[in-house]
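Q: This is the structure I want to talk about, given as C-alpha cells.
The values are calculated or read from the model by the stated rules, or taken from the named source; none is laboratory data. Keep in mind that this is a model prediction, so the values were computed, not measured. Cβ coordinates were reconstructed from backbone atoms using ideal geometry, including for glycine residues, and neighbour counts include every protein chain displayed. These area figures cover heavy atoms from the full protein model, side chains too; ligands, DNA and RNA do not enter into them. Shrake-Rupley method; radii C 1.70, N 1.55, O 1.52, S 1.80 Å.
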Amino acid sequence: MNRYTWRTAGLEAVMIAVALVFAFPVYVLVSMALRAEGDDSSPIALPNSPTFANFGDAWQRAGLGPAIGNSLMVTAGSVVLIVALAAMAAYPLARSTRRWSKSVFAVFMLGLLLPFQLALIPLYQTMRDLGILGNPLALIVFYTGLQLPFSVFMYTGFLRSLDPGYEEAARMDGAGPVRAFFSVVFPLMRPITGTVVILNVIFVWNDFLTPLLYLSGSGRQTIPVALFGFIGQYVSQWPMVFAGLIIGVIPVLIAYFAMQKRIIQGFAGGLKG
C-alpha cells in the first residue's frame, strides 16, 4: 500500500508551481481580452467590467472567419494525405528485411536532416509553373512532402515493435497483404496515428512563412498570416488583439482535447518503437 510521504508532497508542490508558471501567461491573455475600452488597470489584475465585445470586433476586423476556413482546409487536407501515405509507406519498410527497405528508409530519414528552407524558392517556382500558386492546394502539396519523412519515421518505429502475429493470423484466414493492412494493422496503429495527427496539425496550423510566401496576393490567408496583419494594424488596441489570438488557437485546442486520449497513448507507447 502506497503512503502519502513528504517526497510526494514536495513533488506535487513542484508540479503545482510549474503549472502556475505556464498558466500565468494564459491568465494575462484572457484577462486582457476581456477588458473594456479605457480599462487601464494592471495587466495582472482582473478586468473591471469584463466584456466579450473584443472577440466580435477581432472576428470582423481581422477577417478571421475566412482565415480559419482556409487553415482548416489546408490542415485537414495535408494531415489526411500525410497519415495515409506515411502509414502505407512505413508498413513494407517495417516488415521487409531486404536491403532495399533499409536504403529507402535511409532516403526518408535524409529528409529529416535537410532544412526545408533550401527547397522553399525552387518549390515556389514549381508551384508557379503548375499554376497552383495562390491556391491552398500548393500548401497541401508542400506540407505533405515536408512532413512525410517525420511521419514515416514515427510509423516505422511503431510497426517494428508491433507483433506480426496479428497479420499472420489474418493471412491464415485468407486476407491478402492489402486487406491485412487496412483491416488489422491500421486499426492497431491508432495510438501512433493520434500522435502523428496532432503533431502535424500543430505544425501546419501555426506555420507562418510558407502561407505568407505561397498565398501572398491571392486574398486567401491562413490564421497566422491574418493575425500578423491584424496585430500590425491594431497594435495599440491590445484587448482586441489578444481576443484575436485566443480565437486563433481555439480550433487547435478543440482538436487536442478531442484526441487527448490517443495523444497520451501515442506518446506513452508509440514512441517506444
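Q: In Å, the Kirkwood hydrodynamic radius of region 93-141 over pairs of distinct alpha carbons?
A: The answer is 13.1 Å.
Q: Mind listing the phi-derived Karplus ³J(HN,Hα) values for region 60-75, rounded to whole Hz, using 6.51, -1.76 and 1.60 with θ = phi - 60°, and x for any glycine or proline?
A: Here the 3J(HN,Hα) series is 6, 6, 8, x, 6, x, x, 5, 5, x, 5, 5, 4, 5, 5, 5 Hz.
Q: Find which of Phe203, Val178, Pro43 sits farthest along the positive direction of the dipole of the chain, computed with +1 on the beta-carbon of Lys and Arg, -1 on that of Asp and Glu, about the Cα centre.
A: Val178
Q: Tell me the Kirkwood radius of region 74-198: reciprocal of the mean inverse pair distance over distinct alpha-carbon atoms, in Å.
A: Taking every pair of different Cα atoms in region 74-198, averaging 1/r and inverting gives 15.9 Å.
Q: For the chain, divide the Cα radius of gyration by the Kirkwood radius and give the resulting Rg/Rh value with two decimals.
A: That ratio equals 1.06.
Q: Given the protein chains as shown and a 1.4 Å probe, how many square angstrom of Asp163 are accessible, to the nearest 10?
A: Result for Asp163: roughly 90 Å² accessible.
Q: Hey, what's the Kirkwood Rh for region 119-165 if you take every pair of different alpha carbons, in angstrom?
A: This gives a value of 12.6 Å.
Q: Let me cross-check Phe242: its accessible surface, 1.4 Å probe, with only protein heavy atoms counted, in Å² to the nearest 10?
A: 40 Å²
Q: Restricting the calculation to Cα positions, tell me the Rg (one decimal) and the Dmax (whole number) of region 66-105 in Å.
A: Looking at region 66-105, its Cα Rg and Dmax stand at 15.5, 49 Å.
Q: Considering all projection directions equally, how large on average is the shadow of the alpha-carbon convex hull of region 152-234, in square nanometres?
A: Reported value for the Cα convex hull: 7.9 nm².
Q: Just how much of Leu137 is accessible, in Å², when a 1.4 Å probe is used and the result is rounded to the nearest 10?
A: About 80 Å², rounded to the nearest 10.
Q: Once the Cα gyration tensor of region 48-144 is diagonalised, what are the square roots of 5 times its eigenvalues, in whole Å and ordered largest first, as equivalent ellipsoid semi-axes?
A: Over the Cα atoms of region 48-144, the semi-axes work out to 39, 19, 13 Å.
Q: Over region 1-107, how many percent of alpha carbon pairs lie in each 10 Å bin up to the one with the longest distance?
A: P(r) for region 1-107, in whole percents per bin: 11, 17, 17, 19, 23, 11, 3.
Q: Do the sum for the chain: with -39,500 (n - 2.57) for every DSSP H run of n ≥ 4, divided by all residues, what is the mean residue ellipticity at 222 nm, to the nearest 500 deg cm²/dmol?
A: Here the helix-only value at 222 nm equals -24000 deg cm²/dmol.
Q: Relative to the first principal axis of the alpha-carbon coordinates of the chain, what is the inclination of helix 6-33, with its axis defined by its Cα atoms, in degrees from 0 to 90 and to the nearest 10?
A: 60 degrees
Q: By how many degrees, between 0 and 90 and to the nearest 10, does the Cα long axis of helix 117-130 differ from the longest principal axis of the chain?
A: For 117-130 against the chain, the angle is about 80 degrees.
Q: What is the projected area of the convex hull of the Cα atoms of region 115-273, averaged over all directions, in nm²?
A: Its average projected convex-hull area is 12.4 nm².
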